[in-house]
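Q: So that we are looking at the same thing, I have put the structure below in structure tokens.
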Protein chains: 2
Amino acid sequence: MVEDSPSNVHLALVHFPVYNKAKEIVSSSVTTLDVHDIARTCRTFGLGSFYVVTPLKTQQELVGRIVSHWLTGYGAEYNPTRKEALLLTRVENSLQDVVADIHERCGEEPKTVITAAKTYPQSIDYESMRQELQKAEPTLLVFGTGWGLEKSIIQRADFVLRPIEGRSDFNHLPVRAAIAIIVDRLFGIR
Amino acid sequence: MVEDSPSNVHLALVHFPVYNKAKEIVSSSVTTLDVHDIARTCRTFGLGSFYVVTPLKTQQELVGRIVSHWLTGYGAEYNPTRKEALLLTRVENSLQDVVADIHERCGEEPKTVITAAKTYPQSIDYESMRQELQKAEPTLLVFGTGWGLEKSIIQRADFVLRPIEGRSDFNHLPVRAAIAIIVDRLFGIR
């Protein structure tokens, strides 16, 4: 691992509580491909761990099956780089459990960073966040699925980044693409 | 569409000629998800079109079925934003055919931009390429699948960018994640 890898920065993909299209609070489904792609992005940029957050037991089991297929099953032999990426993956019931897990592993509660379209008192631009992260304090990047994170999570965050905006009236990036872009903006070598 | 959208910049995802793991020249398979994700990335950043390049008729038909499902089938009604993204998608036999198509549509042959790990006389950094693209000349961003583009394509390119490097010894980003990062580096609003 490269010396300056941000191994005390962690990433959580949250499936509850998030909004659906009708702005109701729901638990979204885990997308197998998100797990693979985001694990590879986290591993490439040297993040410490990747948490899949869902309270649903069947969904937790699904993630467990994906991970164990690549860690110990046929997949481990067939594709060892996939194994290396998925080694970072953990499953938790809730964002509170993720924070508690990091606290236990690092001895400190992580600062939380989220993205939101509106401006908040904790809003920060990407360049300033990139510098903030060089302090190497435990940090958790939190991403929502579905139609976005339930708003109390945003209000409690330490830092709020703007979502990725393109150059068109169309803003429908897959979450795995938005995460790749944001992690590159924060940690990419230019 | 936003005024400064790079609508004369196009993107090609090439399935032949590319290398396989054993460094043989092969035709890789089209991945349905690449088509969806890359179309959404192109649409978000305002690119003009997204070419899927494969000489295999069955693979061309597969792309045609994906696109028509979302453009005219049940999908168009179910998910209109998906339709909007896939409107950009075109299928061609070869990179030469893509260049000819752009020439015909724009009245000019596009400059080609590729990524490669080695340094070439045409190598350029991202910031300079970003400025180069503001000239608004027809440009084609070319990406390979499998284990990378056949080397003569690289030698003939007008510009060569370095691939995305993370902060670890692991460099296995999905092509759809690498494309999202590169398009953001070239066109993202910061």
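Q: Relative to the Cα centre, what is the charge dipole magnitude of the range A:48-190, using +1 at the beta carbon of each Lys and Arg, -1 at the beta carbon of each Asp and Glu, and rounding to the nearest 20 debye? Walk me through the intermediate numbers first.
A: On the way: 17 positive and 18 negative charges, 67 e Å.
In total the dipole reaches around 320 debye.
Q: Related question: How far is A:GLU104 from itself in the other copies, in nm, if each label sits 7 Å out from Cα along the Cα-Cβ line, shortest first?
A: 6.3
Q: If you don't mind, another one. Counting only other residues whose beta carbon sits under 12 Å from that of A:THR31, what net charge do I get with K and R as +1, D and E as -1? Show your work: numbers first, answer last.
A: Values: positive: A:ARG176; negative: A:ASP34, A:ASP37, B:ASP37.
Cβ neighbours under 12 Å give a net charge of -2.
Q: Hey, for B:GLU165 with labels 7 Å out along Cα-Cβ, what do the inter-copy distances come to in nm, ordered shortest first?
A: Spelled out, the distances from B:GLU165's label point are 3.3 nm.
Q: Please figure out what share of the DSSP beta bridges in the range A:1-122 is antiparallel and state it in percent, rounded to the nearest 5.
A: Details: 2 of 11 bridges.
Once the DSSP bridges in the range A:1-122 are tallied, antiparallel ones form about 20 percent.
Q: Compute the semi-axes of the equivalent ellipsoid of the range A:35-165, taking the square root of 5 times each eigenvalue of the Cα gyration tensor, and list them largest first in whole Å.
A: Details: eigenvalues 152, 56, 42 Å².
That gives 28, 17, 15 Å for the three semi-axes.
Q: Looking at chain B, how many pairs of lysines come closer than 27 Å at the Cα, when each pair is eight or more places apart or spans two chains?
A: 12
Q: If every alpha-carbon in the range B:90-172 counts as one equal scatterer, what log10 I(q)/I(0) does Debye give at q = 0.12, 0.25, 0.27 1/Å?
A: -0.39, -1.33, -1.41
Q: Determine the calculated [θ] at 222 nm for the protein assembly as shown from helices alone, applying -39500 (n - 2.57) to every DSSP H run no shorter than 4 residues and normalising by the residue count; nearest 500 deg cm²/dmol. Could the numbers behind the result be given before it?
A: Numbers: 16 runs with 158 residues, N = 380.
Mean residue ellipticity at 222 nm (helix-derived): -12000 deg cm²/dmol.
Q: Let me ask something else. Give me the distance in nm between label points sitting 7 Å out from Cα along the Cα-to-Cβ direction at A:ASN171 and A:GLN155, one decimal.
A: Placing both labels 7 Å beyond Cα along the Cβ direction yields 2.2 nm.
Q: For B:TRP70, B:TRP147, what's the fewest-to-most ordering of other Cβ within 10 Å of each Cβ? All intermediate terms of the calculation are to be shown ahead of the outcome.
A: Working: B:TRP70 25, B:TRP147 14.
Ascending Cβ contact count within 10 Å gives the list B:TRP147, B:TRP70.
Q: Determine, for A:LEU140, B:LEU161, the number of other Cβ atoms within 10 Å of each Cβ, and report the residues in order from fewest to most. Please list the in-between numbers first.
A: Details: A:LEU140 25, B:LEU161 21.
Fewest to most other Cβ atoms nearby, the residues stand as B:LEU161, A:LEU140.
Q: How far apart, in nanometres, would the label points at B:TYR120 and A:LEU87 be if each is projected 7 angstrom from Cα along the Cα-to-Cβ direction?
A: It works out to 3.4 nm between the two label points.
Q: From Cα pairs below 8 angstrom and at least 6 apart in sequence, can you work out the relative contact order of the range B:1-154, rounded to a whole percent? Can you show the working numbers first?
A: Working: 251 pairs, mean separation 53.7, N = 154.
Answer for the range B:1-154 is 35 percent.
Q: Also, I was wondering about something else. Pull up the DSSP beta bridges for the protein assembly as shown and report the antiparallel fraction as a percent, rounded to 5.
A: Values: 6 of 52 bridges.
Looking only at bridges with both residues in the protein assembly as shown, the antiparallel portion is about 10 percent.
Q: When the dipole is taken about the Cα centre of the protein assembly as shown, and only Lys, Arg (+1) and Asp, Glu (-1) are charged at their Cβ, what size is it in debye, to the nearest 20?
A: Roughly 380 debye, rounded to the nearest 20.
Q: Turning to a different aspect of this structure: What is the Cα radius of gyration of the range A:132-190 over 2.2 N^0.38 Å, N being its residue count? Can you show the working numbers first?
A: Details: Rg = 12.9 Å, N = 59, 2.2 N^0.38 = 10.4 Å.
That works out to 1.24 for the range A:132-190.
Q: Take A:GLU24, A:GLU84, A:GLU137 and order them by how many other Cβ atoms sit within 10 Å, fewest up front. Spell out each step's value before the answer.
A: Details: A:GLU24 10, A:GLU84 19, A:GLU137 14.
Fewest to most other Cβ atoms nearby, the residues stand as A:GLU24, A:GLU137, A:GLU84.
Q: Where Lys and Arg each count +1 and Asp and Glu each count -1, what net charge lies around A:ASN20 among other residues with Cβ under 15 Å from its Cβ?
A: Summing Lys and Arg as +1 and Asp and Glu as -1 gives +1.
Q: Please list the radius of gyration and Dmax for the range A:1-108, considering alpha-carbon atoms only, with Å as the unit.
A: 14.4, 46
Q: Identify which of B:SER29, B:SER152, B:SER168 has the largest mean-square fluctuation in a Gaussian network model of chain B, with springs joining Cα atoms closer than 10 Å.
A: B:SER168
Q: Let me ask something else. Would you kindly compute the Cα radius of gyration of the protein assembly as shown and its largest Cα-Cα separation (Dmax), both in Å?
A: Looking at the protein assembly as shown, its Cα Rg and Dmax stand at 20.6, 62 Å.
Q: Output, in nm with one decimal and in ascending order, the distances from the A:ASN93 label point to the matching label points of the other copies (7 Å from Cα along Cα-to-Cβ).
A: 6.1
Q: What residue among A:ALA136, A:THR112, A:ALA180 has its Cα farthest toward the positive end of the dipole of the range A:48-188, where the charges are +1 on Lys, Arg and -1 on Asp, Glu, each on the Cβ?
A: Most positive-ward Cα: A:ALA180.
Q: Moving to a separate point now. When Lys and Arg each count +1 and Asp and Glu each count -1, what net charge do the other residues less than 13 Å away from A:PRO174, Cβ to Cβ, add up to? Show your work: numbers first, answer last.
A: Details: positive: A:ARG176, B:ARG40, B:ARG43, B:ARG82, B:ARG176; negative: A:ASP34, A:ASP37, B:ASP34, B:ASP37.
So the environment of A:PRO174 carries a net charge of +1.
Quick note: the coordinates plus some simple rules give every number you see, no bench work behind them. Everything numeric here is computed off the predicted structure, so don't read it as measured data. Virtual Cβ from ideal backbone geometry, glycine too; neighbours counted across all protein chains shown.
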